[in-house]
1. Could you check segment 232-267 and list, in sequence order, the residues that are open to solvent by less than 80 Å² (accessible area, probe 1.4 Å), farther than 22 Å from Leu301 by Cβ and not aliphatic (A, V, I, L, M)?
2. When you check Trp347 against the structure, is it touching a residue at least 40 places away in the same chain (Cβ under 8 Å) and in a loop (DSSP other than H, G, I, E, B), yes or no?
3. Could you list all residues from segment 47-84 that are basic (Lys, Arg) and modelled with pLDDT under 90?
4. Of everything in segment 34-85, what is touching a helix residue (DSSP H, G or I) at 6+ places or on another chain (Cβ under 6 Å), more than 25 Å from Asp148 (Cα to Cα) and part of a loop (DSSP other than H, G, I, E, B)? Give them in sequence order.
5. Could you check, for segment 344-358, whether at least one of its residues is in contact with a Leu (Cβ under 6 Å, 6 or more places away or on another chain) and open to solvent by 90 Å² or more (accessible area, probe 1.4 Å)?
6. Of the conditions (1) open to solvent by 10 Å² or more (accessible area, probe 1.4 Å); (2) assigned to a loop (DSSP other than H, G, I, E, B), Glu177 fails just one. Which one is it?
7. Please specify each residue of segment 64-105 satisfying the condition of being under 14 Å from Pro128 (Cα atoms) and basic (Lys, Arg).
8. What's the total number of residues in segment 390-428 that are part of a helix (DSSP H, G or I) and touching a residue at least 12 places away in the same chain (Cβ under 8 Å)?
Amino acid sequence: MGAQRKTLQDLFNLESHNMNTIKHGSITSRSSFSNSINEGTLSIISHCTFIFTFTDPLESPSKQDLKRVKLIQLLSILKSSKKLQDQILAPLMSMLSTNLFRPLPPPSNPSISSDLIDDEDSISSFPPTWSHLQIVYDILLRLVINMDPETLRNYVNHPFLRNLLSLFRSEDPRERENLKNVYHWIYSRFTFYRSFMRKSMNDVFLHYIFEKERHCGIGDLLEIWGTLINGFTVPLKEEHKLFLMRVIIPLHKTKGMHKYHRQLAYCVSQFVQKEPVLGGVVFRGILRYWPVTNCQKEILLLEELEELVENIDPDQYRKLALPLCTHITKCSNSWNSQVAERALYVWNNEHFVKMATLEIEEVFPIVVEGVERNLKWHWSKSVRQFTEIIKEMLEDLDSALYSKCLQEIDLREYRARQEEIKRREKWERIEMAAKKN
């Protein structure tokens, strides 16, 4: 009986040993398999770190194509991997930085502002490095969206974000579009970097406004800001109001404003919709930076002012009626027919007419004088016809006041003629006295 118990114990020990051996072998095999995958991934990353200029005749086209294949393989690995180990993540981020943070090519046409370059016309002149960069951006976007921000925090740091922001100077609209997507995702997920990212973008704007008016990515950065403003809570923080006054409004004065005006106007409208009381600040700021000789900018700003009238607080109508109507009248007297017609068209806006009628006693003398000047002196037939329509509308609003304004205009012109006669007579007496002496 004791011998039988010993035999069974020996068999149990042998079976346990075999099971441990199998289990240990399975773990070892899985570990070996995992190590082989990591080694293969590291090999791909190492291969992708090499930079091709696509301009060096010694570069092999086949090796360029091979790098693109390797980048696609790496993107596929990232799509199937739920988590990356540090031994993979560190060289991967280093590879991305090496590919992205490179010296940008010189301006394609240094004699003109880069703001004025047509994106569609310039794409054909860009080097073919985009075939690699596009996949690099896809890899970075995949990491930002899928990885835990705390895990990436040591790699996506302040220097990384500054370098990423500097790439918005690229003339390639395809790169700026991808940058915009990546930068916005970082702002969305890396909440601990939001204040720094806003300040960094502000610095770019201020440098563009006050130091060097040459930057291709102002419109893209404003587009990012448009979505940020849309998410601001009411009442607005003081920081955001200062951004409106110190950055958004001064951006109206640059030469290349027409290139990014659509995004700029959207940011302004978002601010005014959030807090309509800011409309007065915006109106006065735009009028302060009104162009003198740039008719294209005048037309854009007239459109923006008209849109703002619809969003501002009606309580500000009385304060803004006189300066706004004065400026619209001045533009309607412009010798540029497009500017004059656009200014006259503002009178079709019911909100603007409502604003004008609230201060009709102060506004009418200025407006009527502008209307009569156009009817007498403007060279454009279409402007005169449009002005005639405005005159009929004003007379319908208050015919007695219109007639009174006409009498005041006639009286001023009569007095001016009398002063001119007196001035000529005085000069004639001086000339006669001079001859006698």
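The values are calculated or read from the model by the stated rules, or taken from the named source; none is laboratory data. Everything numeric here is computed off the predicted structure, so don't read it as measured data. All Cβ positions, glycine included, derive from the backbone under ideal geometry; neighbour counts span all protein chains shown. Areas reflect the complete protein model, heavy atoms only, side chains present, ligands, DNA and RNA absent. Shrake-Rupley method; radii C 1.70, N 1.55, O 1.52, S 1.80 Å.
1. Once the filter is applied, which keeps residues that are open to solvent by less than 80 Å² (accessible area, probe 1.4 Å), farther than 22 Å from Leu301 by Cβ and not aliphatic (A, V, I, L, M), segment 232-267 yields Phe232, His240.
2. No.
3. Lys63, Lys79, Lys82, Lys83, listed by residue number.
4. Of everything in segment 34-85, just one residue is touching a helix residue (DSSP H, G or I) at 6+ places or on another chain (Cβ under 6 Å), more than 25 Å from Asp148 (Cα to Cα) and part of a loop (DSSP other than H, G, I, E, B), namely Phe52.
5. Within segment 344-358, the first condition is being in contact with a Leu (Cβ under 6 Å, 6 or more places away or on another chain), and the residues that meet it are none.
Looking through segment 344-358, none of the residues is in contact with a Leu (Cβ under 6 Å, 6 or more places away or on another chain) and open to solvent by 90 Å² or more (accessible area, probe 1.4 Å).
6. In the conditions (1) open to solvent by 10 Å² or more (accessible area, probe 1.4 Å); (2) assigned to a loop (DSSP other than H, G, I, E, B), Glu177 misses (2) alone.
7. Those that are under 14 Å from Pro128 (Cα atoms) and basic (Lys, Arg): Lys67, Arg68.
8. Qualifying residue count for the region: 11.
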